[in-house]
1. Quote the Stokes-Einstein diffusion coefficient, in whole µm² s⁻¹, for segment 34-116, based on the Kirkwood radius over alpha carbon pairs, a temperature of 25 °C and a viscosity of 0.890 mPa s.
2. What FRET efficiency do you get for ALA16 and SER84 if R0 is 35 Å and r is their Cβ-Cβ distance, rounded to the nearest 0.05?
3. Pull out the extension gain between ASP77 and ALA92, defined as 0.36 nm times the separation in residues minus the alpha carbon to alpha carbon distance; nm, one decimal.
4. What's log10 of I(q)/I(0) for the chain at q = 0.18 Å⁻¹, Debye sum over Cα points only, no solvent?
5. List the chymotrypsin sites (Phe, Trp or Tyr not before Pro) within segment 87-119 that DSSP assigns to loop and that have no more than 12 neighbouring Cβ atoms inside 10 Å.
6. Please list, by residue number, every one of the GluC sites (Glu not before Pro) in segment 97-133 that is coil in DSSP and has at most 14 other beta-carbon atoms within 10 Å.
7. For q values of 0.25, 0.26 Å⁻¹, compute log₁₀ I(q)/I(0) with the Debye formula on a Cα-only model of segment 93-138, without solvent.
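Read-outs throughout are calculated quantities, based only on the coordinates presented, and are distinct from any laboratory measurement. What you see is a predicted model; the values in this text were computed from it and never measured. Note that each Cβ is placed from the backbone with ideal geometry, even for glycine, and that neighbours are counted across all protein chains shown.
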Amino acid sequence: MSNPYAKYLGDLDPLAVLSETASRLAAIDPASYATPWAPGKWTYGQIIAHMADCEVAFAFRLRQAAAEDHYVVQPFDQDRWADSYSTADPAAALAVFTSVRAWMLAFLRALPPETFDKPVTHPERGEITFRTIVEIIAGHDGNHLAQL
């Protein structure tokens, strides 16, 4: 499966999902930031920090994929990135997420439709399209919003 988060997206429009995530994160009570979403799992604040990190990485991927032919995605190890999440400021992470997401949405909405069909290579998922990256991001949002 090229989108490991497809079950979280379903038939929803990925751009609509992406447009709603920042406000859904902002609705989380800061008093719950230290609460793990399940025993032994990341806290709400750590999930927000993870989503901010991913947003920066995803925004870069999308710009590279739109600008280059035959772009090869550079994966990252989320667990190694997570080493800093216990000291991250969830409010600052939310501000980063919100800002970068708004910038990314403006970028996506301005693209010509054919960009969404561009082939991209993902080392773990093989050849996918630009559209699939957008769908993965939306499904990733759905996954973490379900945890929150």
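1. Calculated translational D: 173 µm²/s.
2. On the way: r = 31 Å, r/R0 = 0.90.
Calculated value: 0.65.
3. Numbers: separation 15, 0.36 × 15 = 5.40 nm, distance 2.19 nm.
That pair, ASP77 and ALA92, stretches by 3.2 nm at full extension.
4. -1.09
5. Values: sites: PHE97, TRP103, PHE107, PHE116; in loops: none.
Loop-located and lightly packed - none at all.
6. On the way: sites: GLU114, GLU124, GLU127; in loops: GLU124.
Here the GluC sites (Glu not before Pro) that fit, given the DSSP loop and packing criteria, are GLU124.
7. Rounded to two decimals, the profile gives -0.93, -0.95.
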